[in-house]
Amino acid sequence: QVRLVESGGGLVQAGGSLNLFCAASGIIFSSPTMGWYRQAPGKQRELVAAITSGGSTNYADSVKGRFIISRDNVKSTVYLQMNSLKPEDTAVYYCNAELVVISRSYNYWGQGTQVTVSS
């Protein structure tokens, strides 16, 4: 049914940039709020950035000014542009889709892509 596939992760030096991609299928992509979450070893999964169907965005304070989330509804893809990367950004990054139907929330997740930032 719903499938989210992340790509673009890898190893990058501190101060560098990386772009993540999430391709969605099985949903009407233009409807749900899309987001990027991350989870580092021993830590809880946290919201990095989110973008609504209307294009409104929210960012975690730790990434504000460095990361940019965007979406292409024609290509059913959400992007995360990451700049000025820091070692503390190292984590598995997950794509999320939230769809609300008659007041019920449905969340879908990708399998994640590893981002490693070296000092």
### Message
Step by step: find N for the chain, compute 2.2 N^0.38 Å, then divide the Cα radius of gyration by it. What's the final number?
### Response
1.02
### Query
What is the extension gain from residue 64 to residue 100, computed as 0.36 nm multiplied by their sequence separation minus the C-alpha to C-alpha distance, in nm to one decimal?
10.3 nm
### Query
Looking at the stretch 16-70, which trypsin sites (Lys or Arg not before Pro) are in a loop (DSSP not H, G, I, E or B) and have at most 12 other Cβ atoms within 10 Å?
43, 64
### Task
Excluding residue 117 itself, calculate the net charge of residues whose Cβ lies under 13 Å from the Cβ of residue 117, where each Lys or Arg counts +1 and each Asp or Glu counts -1.
+1
### Task
Determine the per residue accessible area of the stretch 1-96 with all protein chains present and a 1.4 angstrom probe, expressed in square angstrom.
51 Å²
#### Entry: Relative contact order of the chain, defined on C-alpha pairs under 8 angstrom at six or more residues apart (%)
35 percent
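Rounded, prolate or oblate: which fits the stretch 67-119, taking a ≥ b ≥ c as square roots of the Cα gyration tensor eigenvalues, rounded meaning a/c under 1.5, else prolate when a/b beats b/c? Spell out each step's value before the answer.
Details: a/c = 2.84, a/b = 1.89, b/c = 1.51.
It is prolate, given that a/c is not under 1.5 and a/b is the larger ratio.
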### At R0 = 22 Å, FRET efficiency that the Cβ-Cβ distance of residue 3 and residue 81 yields, to 0.05
0.45
### Query
In the chain, what percent of the accessible surface is made up of carbon and sulfur (1.4 Å probe, ligands and nucleic acids excluded)?
48 percent
### Task
Using Cα positions and a limit of under 26 Å, work out the lysines in reach of residue 86, with same-chain residues fewer than 8 apart set aside.
43, 64
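The values are calculated or read from the model by the stated rules, or taken from the named source; none is laboratory data. Quantities reported herein were computed from a predicted structural model and do not represent experimental measurements. Backbone-built Cβ (ideal geometry, glycine too); neighbour counts: all protein chains shown. In case anyone asks, the SASA skips ligands and DNA or RNA and just uses the protein heavy atoms, side chains included. Shrake-Rupley method; radii C 1.70, N 1.55, O 1.52, S 1.80 Å.
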